[in-house]
Amino acid sequence: MKKFPVLLLLFSMALCAYAQQQLLKPNEFLGYELGDRFTRHHRVVEYFQHVASVVPNVELYKYGETYEYRPLVYAVITSPENLKNLEQIRLDNLRRTGLESGAPATKIPIVWLSYNVHGNEASSIEASMQTLYELADPANGTSANWLKNTVVIIDPCINPDGRDRYANFYNSFGNRPANASPDAREHREYWPGGRSNHYWFDLNRDWAWLTQIESQQRIKVYNQWMPHVHVDFHEQGYNNPYYFAPAAEPYHEVITPWQREFQVMIGKNHAKHFDKQGWLYFTKEVFDLYYPSYGDTYPTYNGAIGMTYEQAGGGFAGLSITTREGDPLTLKDRWMHHHTTGMSTVEITAVNAQRVIDEFDKYFRENNNNPASPYKTYVIKGDNQPDKIQRLASLLEAHAIKYGHPSAGKSTRGFDYSTQTTQAVNLSSDDIIINVYQPKSRFITTLFEPQSKLPDSVTYDITAWNLMYAYGLKGFALNERINVGKAYQPKEVVQAPVTGKPYAYVFRYQSLSDVKFLGALLNKGVKVRAAMKPFKVNGESFDAGSLIVTQRNNESIADFDQYIQSLAREHSRRWFAATTGFVDSGKDFGSGYVNYIKAPKIAALVGDQTSSLSAGATWHFFEQELQYPITQIGTDYFRSINLGNYDVLLVPEGRYRMFDEETMKSVQEWVSNGGRLILVSGALNAFADKSGFALKKFATEDAKKEAEKKDKEEQAKDVLLPYDAAERNAISQTISGAIYKVTLDKSHPLAFGLGDAYYTLKTNELYYSYLQQGWNVGVIKGKAKPVQGFAGYRINKKLDNSFVFGVEDKGRGTIVYFVDDPLFRNFWESGKMLFANAVFMVGQ
């Protein structure tokens with residue numbers, strides 16, 4: 001762990017000298033009262049530096065940096081005696097989990113308080129300063145007593161980039177004094193708002209997937225501590241009372257009775273403090289403990305008491321806003337509420353320190369010795385595509401999940417993810433196994449179990465995320481324990497020998513790493529072709545999509561062979577040196593079925609008509625993962641740009657008003673002249689059933705009338721629906737993030753590299769008929785049924801025999817339709833390959 005340098009940046013040398021001698025309150029340090037303005041991130045960091053420099057029981061650590069180069073820090077606060085023994089306490093806690101060997105000697109619970117994961121939920125970072133002060137203040141005997149047997153970690157701001165985006169907005173537009181009318185400009189953030197990070201990701205949905213640099217760095221340090229209690233501070237609609245634990249149903253079944261019980265104990269302690277002040281609050285509603293990638297569920301599935309606290313406010317509240325009751329809600333009110341629950345959390349943990357430790361011990365004893373899950377071992381077949389295995393292995397490593405190879409093969413039985421049936425399994429010593437007899441047992445179960453029990457279908461987020469389907473892997477879930485016999489050995493890239501002068505270099509196209517390599521070739525100006533049909537050359541077989549780099553057309557590259565080989569080594573790609581373009585079977589390298597891949601110039605829509613989450617996922621995918629350039633174009637000035645400068649237009653999820661008759665006509669002309677239009681999820685609404693586009697809700701007028709008739713029959717049943725049944729009835733028409741198996745046309749370029757099957761994560765209720773004029777590359781055939789997750793029975797019926805993704809040829813160009821977003825939260829790995837195909841393979 002790296003201590004943060006204590007560098008005080010104060011307004012004057014006199015104040016600096018004074019600050020170094022005694023602890024200042026936040027208002028004394030900042031020069032204004034907390035709640036009078038939104039404090040920018042750097043000033044919060046400076047205050048934390050100040051406290052760490054003058055108080056002997058506080059240490060400040062820098063654990064990372066954001067995409068915009070702001071520091072990520074956390075403070076550790078405990079008694080001076082504990083601080084001297086801090087490394088022992090930390091290691092003892094890891095020994096307690098089994099992540100470190102040996103017997104623990106200390107029994108000190110760790111409370112971790114995380115603030116401002118959503119940048120425009122802006123009160124909690126203010127609360128963090130007051131909480132730090134009251135815990136660190138030597139004159140505060142109550143806090144000092146708690147800290148004798150408790151370590152507190154404070155991360156003041158998980159999302160500094162989003163925080164400052166919001167603070168800068170409000171400090172630019174806010175009235176002085178604040179205007180409390182909800183109509184005022186200061187309450188209306190401009191797109192994309194401050195909620196998300198630099199790439200417009202929701203960091204509170206990224207704890208498990210680790211797509212963002214903030215998450216990656218935070219989880220690394222989180223696993224170095226493994227706290228007993230974790231709080232994630234949030235804000236909600238400004239008319240809502242405060243929410244705190246216990247959480248709403250559904251609870252995932254891996255959550256223990258103690259984790260439920262202590263949530264109640266904490267809630268009652270908060271209620272005691274709120275009751276004294278007459279503050280309104282609610283519990284056991286809305287915010288459940290199910291989806292594993294939240295700031296409350298991830299800690300919960302890793303042994304902590306994980307909780308979300310929700311204060312009224314959000315990006316709408318500003319410094320003051322009038323609620324529907326006619327009362328003012330101020331920033332001071334908001335931070336005070338968060339400060340109160342933060343201190344209450346430390347209090348109740350300190351009072352129950354012994355039991356907190358004992359139950360934590362019990363949690364990990366069960367994980368390591370007697371896990372409750374019926375599935376004891378998860379098997380990833382060794383013959384899966386190596387890059388896919390490696391990407392999953394990297395994620396497992398980041399979460400300190402143990403895995404490896406069995407010592408020997410054996411015959412057994414298990415659940416087959418590809419068929420959703422139990423059948424015979426031939427385990428090989430090359431397979432990768434993850435058994436649940438380890439510290440991360442319950443977390444592993446949530447990631448891989450074939451079906452997650454859903455006690456209540458009214459839930460806050462998606463209900464399916466299984467990593468076997470997300471990564472497109474062949475695998476099994478076994479009821480028996482199989483131990484790791486040897487460490488995981490990634491398959492080495494063994495280069496094929498080059499004899500003589502190669503006619504061409506051939507590369508397989510099976511993974512996202514292959515796409516990244518293709519992008520690198522194109523960025524370097526290398527001319528690349530792709531085989532549209534399987535072929536065999538020099539005795540080696542290749543699938544459709546394989547990349548071919550010929551000497552011809554690349555004459556301008558000096559020392560061509562060394563250049564291509566060097567680039568392949570850099571990307572760990574195996575080359576095959578073909579001595580001839582005359583293939584053993586399939587199409588020769590000069591055939592019209594071997595398409596030249598023109599390096600696409602890509603435009604992507606962003607702006608207030610797009611979903612910032614979807615637009616951000618696209619941006620991050622190309623810039624960070626593929627390192628391939630895109631040009632972002634605002635919806636507000638789209639009509640003024642020359643589309644002819646681009647080969648591809650990406651239209652992410654959104655609600656579009658811009659595609660009027662004139663704009664639609666110009667887009668169609670651009671497509672007909674060779675452009676590729678890629679439409680994602682909600683963007684399809686702007687084009688479906690429109691003249692000139694093949695996408696239709698219903699294939700025929702008769703099908704439309706029949707569907708309308710069924711809808712009226714269903715609506716008739718709802719006429720006498722009781723008021724209290726409305727919510728339950730509504731979910732019959734919703735899909736809470738469910739996984740469906742897709743039937744693939746593997747011969748189409750859109751499906752290259754996907755393998756034998758594709759699973760789509762459906763997060764919306766959109767449905768369309770098969771394309772009558774186009775290529776139905778991915779469809780749901782027959783009766784729709786999720787392989788995992790919840791889908792309401794009414795909407796599920798409408799997915800029978802429905803379109804999922806495909807291509808419409810239009811003139812010299814193409815339109816690619818994605819009903820579901822392949823880049824949703826950028827954790828659906830197989831979706832990335834699908835999306836890349838739309839850009840690089842389709843329409844070439």
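For segment 272-292, state whether one or more residues are surrounded by 24 or more Cβ atoms within 10 Å (Cβ to Cβ) and either modelled with pLDDT under 95 or of a type in the set (V, I, T) (or both). Looking for residues that are surrounded by 24 or more Cβ atoms within 10 Å (Cβ to Cβ) and either modelled with pLDDT under 95 or of a type in the set (V, I, T) (or both), one finds none in segment 272-292, hence no.
Answer yes if at least one residue in segment 581-601 is at pLDDT below 95 and more than 21 Å from F840 (Cα to Cα), and no otherwise. No.
Taking residues in segment 382-410 that are closer than 30 Å to R95 by Cβ, and partners anywhere that are open to solvent by less than 10 Å² (accessible area, probe 1.4 Å) and assigned to a loop (DSSP other than H, G, I, E, B), the pairs with Cβ atoms closer than 6 Å and at least 6 places apart or on different chains are I401/K440; K402/Q438.
Screening N240, N269 for residues that are touching a helix residue (DSSP H, G or I) at 6+ places or on another chain (Cβ under 6 Å), on the phi < 0 side of the Ramachandran plot and in contact (Cβ under 8 Å) with a residue 24 or more places away in the chain leaves exactly one candidate, N269. For segment 786-844, a residue qualifies if it is within 25 Å of L547 (Cα to Cα) and either free of Cβ contacts under 8 Å to residues at least 12 places away in the same chain or in contact with an Asp or Glu (Cβ under 6 Å, 6 or more places away or on another chain) (or both), and exactly one does: I815.
For segment 670-700, a residue qualifies if it is hydrophobic (A, V, I, L, M, F, W, C) and under 31 Å from the mean Cα position of the chain (by Cα), and the qualifying residues are L677, I678, L679, V680, A683, L684, A686, F687, A688, L695. Of the residues examined, A103 is one that is part of a loop (DSSP other than H, G, I, E, B), among the hydrophobic types (A, V, I, L, M, F, W, C) and over 20 Å from L24 (Cβ atoms).
V458 falls short on exactly one of the conditions (1) open to solvent by 10 Å² or more (accessible area, probe 1.4 Å); (2) out of contact with any helix residue (DSSP H, G or I) (no Cβ under 9 Å at 6 or more places or on another chain), and that condition is (2).
Checked against the criterion of being surrounded by fewer than 21 Cβ atoms within 10 Å (Cβ to Cβ) and either among the basic types (K, R) or out of contact with any Lys or Arg (no Cβ under 9 Å at 6 or more places or on another chain) (or both), segment 435-445 has no qualifying residue.
Of all residues in segment 523-553, those being open to solvent by 10 Å² or more (accessible area, probe 1.4 Å) and on the phi > 0 side of the Ramachandran plot number 4. When restricted to residues that are in a loop (DSSP other than H, G, I, E, B) and either within 16 Å of V839 (Cα to Cα) or in contact with a strand residue (DSSP E or B) (Cβ under 8 Å, 6 or more places away or on another chain) (or both), segment 498-517 contains 8. Within the set K785, K832, K741, K797, the sole residue that is part of a loop (DSSP other than H, G, I, E, B) and either surrounded by fewer than 20 Cβ atoms within 10 Å (Cβ to Cβ) or of a type outside the set (F, W, Y) (or both) turns out to be K785. Count of segment 484-497 residues, restricted to those that are among the basic types (K, R) and touching a strand residue (DSSP E or B) at 6+ places or on another chain (Cβ under 9 Å), is 1. For A424, the conditions (1) modelled with pLDDT under 95; (2) farther than 27 Å from L289 by Cα are fulfilled apart from (1).
Just to be sure, is S736 touching a residue at least 40 places away in the same chain (Cβ under 8 Å) and in contact with a Gly (Cβ under 9 Å, 6 or more places away or on another chain)? Yes; evaluated as a whole, the condition is true for this residue. Of all positions in segment 276-292, at least one carries a residue that is without any contact (Cβ under 8 Å) to a residue 60 or more places away in the chain, out of contact with any Phe, Trp or Tyr (no Cβ under 9 Å at 6 or more places or on another chain) and small (G, A, S). Screening A180, A144, A127 for residues that are modelled with pLDDT of 95 or more, part of a helix (DSSP H, G or I) and open to solvent by 10 Å² or more (accessible area, probe 1.4 Å) leaves exactly one candidate, A144. Remark: A122 falls outside the filter, which requires a residue to be farther than 22 Å from R334 by Cβ, among the hydrophobic types (A, V, I, L, M, F, W, C) and at pLDDT 95 or above.
Candidates are the residues of segment 693-733 that are outside any loop (DSSP other than H, G, I, E, B) and touching a Gly at 6+ places or on another chain (Cβ under 7 Å); the one that is surrounded by the most Cβ atoms within 10 Å (Cβ to Cβ) is I731.
Residues in segment 35-78 that are over 29 Å from G318 (Cα atoms), hydroxyl-bearing (S, T, Y) and in a loop (DSSP other than H, G, I, E, B): T78 only. The set of residues in segment 9-33 being modelled with pLDDT under 95, surrounded by 11 or more Cβ atoms within 10 Å (Cβ to Cβ) and of a type in the set (A, V, I, L, M, F, W, C) consists of L9, L10, L15, C16, A17, A19. Residues considered: D387, D361, D383. Of these, the only one that is open to solvent by 60 Å² or more (accessible area, probe 1.4 Å) and at pLDDT 95 or above is D383. One residue stands out in segment 675-684 among those that are in contact with a Leu (Cβ under 8 Å, 6 or more places away or on another chain) and part of a helix (DSSP H, G or I): the one that is surrounded by the most Cβ atoms within 10 Å (Cβ to Cβ), namely S681. Scoring A520 on the criteria (1) touching a helix residue (DSSP H, G or I) at 6+ places or on another chain (Cβ under 7 Å); (2) open to solvent by 70 Å² or more (accessible area, probe 1.4 Å); (3) part of a helix (DSSP H, G or I) leaves a single failure, condition (2). So for segment 708-720 (the condition being under 26 Å from the mean Cα position of the chain (by Cα) and touching a residue at least 40 places away in the same chain (Cβ under 8 Å)), does at least one residue qualify? For segment 708-720, residues under 26 Å from the mean Cα position of the chain (by Cα) and touching a residue at least 40 places away in the same chain (Cβ under 8 Å): absent. Just one residue in the set D559, D588 is free of Cβ contacts under 8 Å to residues at least 12 places away in the same chain, in contact with a Phe, Trp or Tyr (Cβ under 8 Å, 6 or more places away or on another chain) and not polar (S, T, N, Q); that residue is D588. Residues in segment 103-115 that are among the small types (G, A, S) and either under 13 Å from Y309 (Cβ atoms) or open to solvent by less than 50 Å² (accessible area, probe 1.4 Å) (or both): 1 in all. Contact map, segment 135-147: residues that are farther than 20 Å from L86 by Cβ paired with residues that are part of a helix (DSSP H, G or I) and at pLDDT 95 or above, Cβ distance under 7 Å, separation 6+ or inter-chain. Pairs shown: N140/E134. If you go through segment 620-657 and keep only what is in a helix (DSSP H, G or I), among the aromatic types (F, W, Y) and over 22 Å from the mean Cα position of the chain (by Cα), you end up with just F638.
The values are calculated or read from the model by the stated rules, or taken from the named source; none is laboratory data. Quick caveat: nothing in here was measured; it's all calculated off a predicted structure. Glycine also receives a Cβ, built like all others from the backbone with ideal geometry; neighbour counts cover every protein chain displayed. Surface accessibility is based on the protein's heavy atoms, side chains included, excluding ligands, DNA and RNA. Shrake-Rupley method; radii C 1.70, N 1.55, O 1.52, S 1.80 Å.
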